[in-house]
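Input: a single structure, listed below in structure tokens.
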Amino acid sequence: MTTRRRFLAMGAGGIAVPALSSLSLPAWAATPWQPGELPEGTLATGILEKLPGKVPLIKRSYRPPNFETPVDYFRNPITPNDAFFVRYHLAGIPNVDAKGWKLRVHGDAAAGTLELDLARLKKDFEPAEIVAVCQCSGNRRGLSNPHVAGVEWGVGAMGNARWKGVRLRDILAKVGVKDSAVEVAFDGADGPPLAATPDFRKSLPMARALHESTMIAYEMNGAPLPHWNGFPARLIVPGWTGTYWMKHVVDVDVRSHPFESFWMNPAYRVPAGKFHGIEGFPSQQNATSQPITDIVVNSLVTSLRDGQRFHRGQTVDVAGIAWDGGRGIRDVLVSPDSGRSWHPAHLGKDLGPYSFRPFRYQFRAATPGPAVVMVKAVNARGDTQVSDLIFNPAGYHNNVVSRIQIEVA
Ligand SMILES: Nc1nc2c(c(=O)[nH]1)N[C@H]1C(S)=C(S)[C@@H](COP(=O)(O)O)O[C@H]1N2
Ligand SMILES: [Mo]
């Protein structure tokens with residue numbers, strides 16, 4: 001009850017909705033909007049703070065830096081580089097020098113070894129571009145009920161960018177992959193400040209490593225990657241959650257045996273059989289759990305705040321973004337009346353199946369009193385958002401249908 005009251009109180013200040021094109025944060029955003037379901041302490045400490053080269057982002061922790069993007073930036077389907085969220089596991093983040101950077105490709109299931117500097121990477125391989133969402137596995141963890149341990153993210157541990165780089169499969173083809181290959185493991189230039197903490201390393205199954213969308217990216221929205229997002233190059237794995245998107249990537253290890261790492265097991269796993277339709281990871285799954293893999297279908301309303309007031313006859317603008325793990329968004333359905341009727345929203349520009357897809361639906365506020373606006377996205381396979389949270393101990397895959405309470409007077 002207290003949560004609901006506080007939630008309404010936050011939204012009751014007559015919040016103005018800035019124009020869709022406005023990318024700078026309005027003054028009222030100095031205290032950022034945050035979902036009222038977040039734990040009290042998280043709401044209190046989630047203040048806007050500026051990392052060098054970034055606009056003020058919502059700070060979840062300083063060491064290591066975990067900063068999320070305020071909701072207003074998602075009014076645009078492409079997230080600007082300086083507003084893109086930042087997530088690190090370890091506090092030892094080096095300033096990687098582009099001139100000294102090298103990507104080492106090797107492994108017991110590689111036919112040879114290869115060392116690529118940035119110039120060779122750009123010169124020797126055909127460049128590719130893709131618009132794709134990077135979403136942290138733990139995005140919305142703070143909304144889990146009951147609460148679970150981990151970075152208490154709100155809704156902004158995600159971003160969508162146009163990435164440019166080189167397909168990993170082209171690099172792997174150059175070095176040669178043996179039939180014995182089962183996984184490719186990745187390491188970044190960052191490391192643990194204390195040797196006791198395991199280095200952040202991840203692996204992919206061969207099918208995903210060789211997928212045409214998986215790339216070593218060196219550009220983001222037409223500019224070099226920001227330091228905090230993996231300069232000078234990072235792995236991008238469109239469709240899969242952010243944990244695989246190794247930043248400052250320096251090592252690519254083609255392996256004939258599954259990679260053993262704290263960050264593959266026990267971290268970043270979902271209970272076996274809990275989520276239907278997610279991709280498997282054969283070499284890393286067991287009877288009780290599997291690694292988190294693809295992003296589940298989801299949406300975010302950016303034009304409405306819980307508790308927002310309208311007068312009778314006023315237009316209620318329900319706009320936002322929808323995305324999934326790469327099948328593409330087929331429909332976004334909006335209910336102006338707590339789920340009694342559902343109406344297809346107008347879908348905005350299609351930037352590809354891995355991108356945020358804008359949507360908009362407008363209706364006229366008619367009946368005075370409280371009303372609940374509901375929104376759910378449907379992907380090309382027919383997957384849709386769930387009515388009730390599928391609880392799991394790490395708080396992953398929260399794609400509960402949006403319910404926004406408005407007041408008509
Ligand atoms: N080197 C390195 N890469 C990393 C991580 C990290 O801690 N170190 N975190 C991963 C996780 S969990 C996520 S969600 C994304 C976040 O990408 P971003 O910080 O560019 O938003 O980076 C991934 N790549
Ligand atoms: Mo993450």
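Things to note:
- When only the Cβ of Lys, Arg, Asp and Glu is charged (+1, +1, -1, -1), the dipole of the chain relative to its Cα centre reaches about 780 debye.
- Region 107-163 and region 54-80: distance between their alpha carbon centers, rounded to Å: 16 Å
- Coupling constants for region 269-279 follow from the phi torsions by the Karplus curve (6.51 cos²θ - 1.76 cosθ + 1.60, θ = phi - 60°), and in residue order they are 10, 10, x, 4, x, 6, 10, 7, x, 6, 6 Hz; glycine and proline get x.
- Distant-in-sequence amide contacts of Gln290, defined by a placed amide H-H separation under 5 Å and a gap of 5 or more residues or a different chain, comprise Val270, Ala272.
- Just checking the listed ones, Thr69, Thr42, Thr315: in the Gaussian network model of the chain with Cα springs under 10 Å, the one fluctuating most is Thr315.
- Dipole of region 310-409, positive direction: furthest Cα of Gly326, Pro344, Val378, with charges on the beta-carbon: Pro344
- Scaled against the 2.2 N^0.38 Å expected of a compact globular protein of N residues, the Cα radius of gyration of the chain reads 0.99.
- In this Cβ point-charge picture (+1 for Lys and Arg, -1 for Asp and Glu), region 102-291 has a dipole of about 320 debye about its Cα centre.
- What you get for region 200-274, charging only the Cβ of Lys and Arg (+1) and of Asp and Glu (-1), is a dipole of about 280 debye around the Cα centre.
- Placed amide H near Met246: partners under 5 Å, 5+ positions off or other chain: Leu235
- Mean sequence separation of contacting Cα pairs (under 8 Å, at least six apart), scaled by the length of the chain, corresponds to a relative contact order of 16 percent.
- Residue order for Phe262, Phe85 - accessible surface, 1.4 angstrom probe, largest first: Phe262, Phe85
- Nearest-ten-degree value, helix 2-11 long axis tilted from longest Cα axis of the chain: 80 degrees
- Shape category assigned to region 269-370 from the gyration tensor of Cα positions, a/c cut at 1.5: prolate
- Here the 3J(HN,Hα) profile of region 125-141, calculated from phi with Karplus coefficients 6.51, -1.76 and 1.60 at θ = phi - 60°, is 10, 6, x, 9, 9, 7, 8, 8, 7, 9, 10, 4, 3, x, 4, 6, 4 Hz, Gly and Pro shown as x.
- Karplus-based coupling profile of region 208-222, in residue order and whole Hz: 7, 4, 8, 5, 5, 8, 7, 9, 8, 9, 10, 9, 9, 6, x, with θ = phi - 60° in 6.51 cos²θ - 1.76 cosθ + 1.60 and x standing for Gly or Pro.
- Cα-Cα over 24 Å, subset of Lys174/Lys247; Lys247/Lys349; Lys247/Lys274; Lys102/Lys122; Lys122/Lys174; Lys102/Lys174: Lys247/Lys349; Lys247/Lys274
- Rounded percent of accessible protein surface that carbon and sulfur make up, the chain, 1.4 Å probe: 54 percent
- Virtual spin-label span in nm between Glu279 and His343, 7 Å along Cα→Cβ: 3.7 nm
- Interchain or long-range residues, amide H under 5 Å from Ser303's placed H: Ala319
- A 1.4 Å probe run over the chain, with the rest of the protein chains in place, finds 41 Å² accessible per residue.
- Most mobile of Ser256, Ser341, Ser289 in a GNM of the chain (Cα contacts under 10 Å): Ser341
- Rg/Rg_ref, region 102-291, where Rg_ref = 2.2 N^0.38 Å and atoms are Cα: 1.02
The values are calculated or read from the model by the stated rules, or taken from the named source; none is laboratory data. All figures in this text were calculated on a predicted structure; none of them were measured in a lab. Cβ: placed from backbone, ideal geometry, glycine included. Neighbour counts: every protein chain shown. SASA here: full protein model, heavy atoms, side chains in, ligands and nucleic acids out. Shrake-Rupley method; radii C 1.70, N 1.55, O 1.52, S 1.80 Å.
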